[in-house]
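Colleague: Structure below; questions to follow.
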Amino acid sequence: MCTVFAQLIVKLHLINNEGDLSSMFAYQFLNVLLACIVLILLSACGDKHQSVLSKIKPGQSTAGVLCDYQYNQYNTSKSVEANSVAYWSCDGNSRDLDANGIPDHEVGRFPNANNAYTILQQSVFESYTLTPVKTNVTTTFGRSHSVIGMLLNGVKMAVGSSSTCRDIDNNCGVNNKAEQWNIESIGQDVFDFGLDQNNAHVQDNGTYHYHGIPEGFITNRGGNKKTMTLIGWAADGFPIYARYGYSNPADANSAIKLMKGSYQLVSEISDSRPSVDIYPLGTFQQDWEYVLGLGDLDECNGQVGVTPEFPKGIYHYYVTDSYPYFQRCVKGKI
């Protein structure tokens, strides 16, 4: 139908230009007709993928997708030198993880000058629903110790940092923990949290965790510019993909593109904010605001669309190179 309308527009336009219309009335009629056809064309064709997306069921089972993902191999990295263990299984309505929190890829040096902790084995047990349901309510996660999701290798994802700054304080430090301004772990150059090449570092209890794109793990999974790569599961049970997605979320044959978050730096700076000259915009979580339609994703860094594992479509999240890096909230029931 879209093609037929387009051909009709071209023919009418040619008639108009060739002067085959004998009266002003006919000329005006043609212009009105052209305008109507354009509106119909935009409505029928421009929103084609939206009609497809609207048919996607809000609650879809993820059973059968990576339910048997298992990994148990020795990590030879100097800062690790231990087995990386992760066992996923599906039982009833739950997707369960039993892991030791040891990464399965090369890591940076720990301890280091800005992170004084050693990577240690953990007891990691997580359970997510196999039938996630997208809701109209978002659940926001707090600072870095909140588990917003787990990668397939059993290493957790964390947002922001536990460091804060007081109002109008120009002497902030990473050891301030309960003040008004939340310091970002990445995307700023003022504070160095000792992150490695995987945008990860270690908590005081020895937990290695990611704050941004887990480069080593994505490489292990074969992630690249030509594929969508599932790398983990969010706390609400929806899948998490790395960096790249379909340019048309309703079409698995559309080009692969780099996905971008929909956040920008605030235009109005609070009078209580620490000095911008010392702490440039982007240093704090409060420096960012969500703008609908600015990027590809919603406020939780997700969208509804088809994926390789879910060809009928599902709500899913992305880890992105742009803010907020990981989702700071989830759309599904917790």
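The values are calculated or read from the model by the stated rules, or taken from the named source; none is laboratory data. Here the structure is a predicted model, which means the values were calculated and not measured. When we count neighbours, we look across all protein chains shown, and the Cβ atoms used for this are built from the backbone with ideal geometry, even at glycine.
Colleague: Using the structure shown, decide if Ile256 is within 15 Å of Lys156 (Cα to Cα) and β-branched (Val, Ile, Thr). Steps first, answer last, please.
Modeller: On the way: within 15 Å of Lys156 (Cα to Cα): no; β-branched (Val, Ile, Thr): yes.
Judged against the criteria, Ile256 is not a match.
Colleague: When you go through Asn248, Asn205 one by one, which is the residue that is more than 27 Å from Phe193 (Cβ to Cβ) and in contact (Cβ under 8 Å) with a residue 60 or more places away in the chain?
Modeller: After ruling out the rest, the residue left standing is Asn248.
Colleague: Quick test of your reading of the structure: Leu281 fulfils all but one of (1) closer than 30 Å to Asp192 by Cα; (2) without any contact (Cβ under 8 Å) to a residue 60 or more places away in the chain; (3) under 18 Å from the mean Cα position of the chain (by Cα). Name the failing condition by number.
Modeller: (3)
Colleague: Tell me yes or no: at least one residue of region 176-189 is aromatic (Phe, Trp, Tyr) and surrounded by fewer than 21 Cβ atoms within 10 Å (Cβ to Cβ).
Modeller: no
Colleague: Quick check on my filter: what residues within region 248-280 are among the hydroxyl-bearing types (Ser, Thr, Tyr) and surrounded by fewer than 13 Cβ atoms within 10 Å (Cβ to Cβ)?
Modeller: Result: Ser267, Ser272, Ser275.
Colleague: How many of the residues making up region 291-302 are buried (at least 18 other Cβ atoms within 10 Å of the Cβ) and either of a type outside the set (D, E, K, R) or free of Cβ contacts under 8 Å to residues at least 40 places away in the same chain (or both)?
Modeller: Within region 291-302, residues that are buried (at least 18 other Cβ atoms within 10 Å of the Cβ) and either of a type outside the set (D, E, K, R) or free of Cβ contacts under 8 Å to residues at least 40 places away in the same chain (or both) number 6.
Colleague: Which residue is nearest to Tyr290 (Cα to Cα), if the candidates are limited to region 238-267 and must be among the β-branched types (Val, Ile, Thr) and out of contact with any Lys or Arg (no Cβ under 7 Å at 6 or more places or on another chain)?
Modeller: Selected residue: Val266.
Colleague: Continuing with this model, one more query. Between residues in region 259-272 that are outside any loop (DSSP other than H, G, I, E, B) and residues that are of a type in the set (Ser, Thr, Tyr), which pairs lie under 6 Å by C-beta distance while being six or more apart or on different chains?
Modeller: Qualifying pairs under 6 Å: Tyr263/Tyr290; Tyr263/Tyr323.
Colleague: Could you tell me how many of the residues in region 139-158 are touching a Lys or Arg at 6+ places or on another chain (Cβ under 6 Å) and at pLDDT 85 or above?
Modeller: Summing the residues that are touching a Lys or Arg at 6+ places or on another chain (Cβ under 6 Å) and at pLDDT 85 or above in region 139-158 gives 1.
Colleague: Determine, yes or no, whether Ile231 is at pLDDT 95 or above, under 18 Å from Gly101 (Cβ atoms), β-branched (Val, Ile, Thr) and in the same structural domain as Gly261 (by TED's automatic domain parsing).
Modeller: yes
Colleague: Is it true that some residue in region 314-325 is within 21 Å of Tyr128 (Cα to Cα) and not in a strand (DSSP E or B)?
Modeller: The answer is no; no qualifying residue exists.
Colleague: Which strands (runs of 3 or more DSSP E) sit wholly inside region 163-258 and have at least 1 residues that are touching a Pro at 6+ places or on another chain (Cβ under 6 Å)?
Modeller: The strands (runs of 3 or more DSSP E) meeting that bar are 208-210, 230-234.
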